[in-house]
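Input: a single structure, listed below in structure tokens.
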Amino acid sequence: MSRSGRVRGNTGTRGRALPAAALGCLFALVSAACSGGPGGTAPPGKDAGASDRGPIVVASGLDVTGSGGVRQQLIEEWNRRHAGSEAEQAKLVELPGGADQQRSQLLGALQSGSAGYDVVNLDITWIPEFAEAGLIRPVPADEPVDRDFINRVHRTTLWKGRSYARPFNTDVGLLFYRPDVLEDAGIQPSRQPTVNWTWRDLNASIKTLALSPRRGEDQAGWTTQLKQYEGLTVNAVEAFATAGVELADEDGSYTASEAELKKGLDELLARTHHERILPSAVSSDETATLADFAAGRVAFLRHWPYVYGALRTLLPPDAYSVNRLPGTSVLGGQNLAVASDSPRAGNARALIEFLTSQESEQCLLDAGFAATRASVYNSSSRRCWPRVAATLRPAQGAPRPPAVRRPRRPPRRGRAARTTRGRWRGPRTPRP
Amino acid sequence: MARAAYTQTLSRALNEAVQRPRTPYYGAFTQVLQSHVHALLAAESPDSAAVAARLHRDLRDAFEGK
């Protein structure tokens, strides 16, 4: 890998129109939120010759896959493969806190150049801000786009016509449901979710459920994440997009009208009508909604792909299933970018290529993340690195451990959930 | 549900999904949207027209970095 580490393009936008949060950090460099985090990761230094030395420092949010930390495992695999080269050794720095705290920390660290991060794992929603501020390098213009990345996922790396990152792991809203709960209410498998389901179908099913004498007072049709945090933004944008309302164009210009906003809000209100949704949804995040679903308090759940793996230990196999979310679903995920001031950009790019290779993406899927490459889904990709695979939890198809707490029927008063609350924190996009 | 069926579902969903708004002011955008939408959902008798008017004004500012 002999690419130069030069920052290309983007010089015209650097320094212009810095978002408020970035400016806040510029003016408050001494504050903890802007200094690159507690513990003070020692900067590798920017002195002469730093580019020849390691390690390649990767800053990322906490890996919470519950699978032995697949990101850490992938980096260890890279290190084993470059065992003879000190300059190519990589180190993962995990940032504490929620998504917004991580964003502030990364912004501050990159603005001040104090943390020495070479690679940053950015939530897809942060790409325009970091690109516009000149904090991450565009992918070299002469580097061909890897067509194996799912197109819509690749597009999350773009800002104003240039790609700034490679997609590491993605995410998308899905509809989970409880076949056992539905059958108990007389809804046969032939009337359960299909790929063609619309919100009309979902609402009809929820209505049938509500009429069932077997459903309790504390039970409802569905739930989702409506607490005041990023999960609410995701759910609102899904309702807006389903109603045909877009808020901004590709370049970030606001495009909606007041009438369109009302249309989008009315769609969200219809979905969240008190006869349909669990009342606690308005204060629920990913963990709480998963617990409500596992306890049988709802038959339907909008959630992220990691829940498919998480449910395996919470419910018997015939008690949950998943399909497309009716209407339009929103993408999540993280992209890997090279910091503009990294003195070892060539090695950083090589590491990113490794972390987003077919093998690594297969490992990520096996660990419960959604992979970013099409080949991983049509089984034409190369297998997960064997030594990484060995550290991951048993594959989804493997025999299940004997289940505990497995109600044959949906519990009347949802006992199981309390014990599961707080247990699963997956690689989802929004964080409380 | 077989794992193969799950990965097919996931693949299909990824090929149809949309992004949240793309803007350098994402932090401001998401705060504005969350606060107005949460107030609407928590209201006794939600007035979507009134919230749409306020949301429109604040989103316009947020996307302009104001």
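The values are calculated or read from the model by the stated rules, or taken from the named source; none is laboratory data. Predicted model only: the values in this text are computed from it and were never measured. Backbone-built Cβ (ideal geometry, glycine too); neighbour counts: all protein chains shown.
Structure notes:
- Total residues in region A:143-172, condition more than 15 Å from A:Ile124 (Cα to Cα) and either at the interface with another protein chain (Cβ under 8 Å from one of its Cβ atoms) or buried (at least 18 other Cβ atoms within 10 Å of the Cβ) (or both): 0
- In region B:54-66, the residues that are farther than 14 Å from B:Ala28 by Cα and loosely packed, with under 15 Cβ neighbours inside 10 Å: none
- In region A:251-288, the qualifying residues are those that are surrounded by 19 or more Cβ atoms within 10 Å (Cβ to Cβ) and among the small types (Gly, Ala, Ser), and the one that is farthest from B:Asp58 (Cα to Cα) is A:Ala288.
- In region A:216-242, of all residues being within 8 Å of chain B (Cβ to nearest Cβ) and part of a helix (DSSP H, G or I), the one that is farthest from the chain's Cα centre (by Cα) corresponds to A:Ala241.
- Looking only at region B:5-32, and only at residues there that are surrounded by 20 or more Cβ atoms within 10 Å (Cβ to Cβ) and farther than 15 Å from A:Gly252 by Cα, the one that is farthest from the other protein chains (Cβ to nearest Cβ): B:Val32
- Inclusion of A:Gly116 among residues that are modelled with pLDDT of 95 or more and within 29 Å of A:Arg53 (Cβ to Cβ) is not warranted.
- Residue in region A:107-116 that is crowded, with 24+ Cβ neighbours inside 10 Å, under 30 Å from A:Tyr308 (Cα atoms) and within 13 Å of another protein chain (Cβ to nearest Cβ) present: no
- Any hit, region A:117-138, residues being surrounded by fewer than 21 Cβ atoms within 10 Å (Cβ to Cβ), hydroxyl-bearing (Ser, Thr, Tyr) and touching a residue at least 12 places away in the same chain (Cβ under 8 Å): no
- When A:Phe354 is tested against (1) at positive phi; (2) surrounded by fewer than 24 Cβ atoms within 10 Å (Cβ to Cβ), exactly one condition is not met: (1).
Conditions (1) part of a helix (DSSP H, G or I); (2) polar (S, T, N, Q); (3) closer than 23 Å to B:Thr23 by Cα, marked per residue:
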| residue | (1), (2), (3) |
| --- | --- |
| A:Ala87 | yes, no, no |
| A:Arg103 | yes, no, yes |
| A:Asn121 | no, yes, yes |
| A:Thr125 | yes, yes, yes |
| A:Pro144 | no, no, no |
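- Taken over region A:170-216, the criterion of being without any contact (Cβ under 8 Å) to a residue 24 or more places away in the chain and closer than 30 Å to A:Phe149 by Cα is satisfied by A:Asn196 alone.
- Residue list for region A:69-115, filter: touching a Leu at 6+ places or on another chain (Cβ under 6 Å) and closer than 18 Å to A:Asp341 by Cα: A:Ala90, A:Gln105, A:Leu110, A:Gln111, A:Ser112
This table checks each residue for (1) in contact with a Leu (Cβ under 9 Å, 6 or more places away or on another chain); (2) of a type in the set (Gly, Ala, Ser).
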| site | (1), (2) |
| --- | --- |
| A:Phe176 | yes, no |
| A:Asp184 | no, no |
| A:Trp199 | no, no |
| A:Leu211 | no, no |
| A:Arg214 | no, no |
| A:Ala220 | yes, yes |
| A:Val237 | yes, no |
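- Some residue of region A:193-214 being part of a loop (DSSP other than H, G, I, E, B), surrounded by fewer than 14 Cβ atoms within 10 Å (Cβ to Cβ) and among the aliphatic types (A, V, I, L, M): yes
- Filtering region B:36-57 to residues that are more than 7 Å from every other protein chain (Cβ to nearest Cβ) and under 26 Å from A:Glu129 (Cα atoms) leaves B:His36, B:Arg54, B:Arg57.
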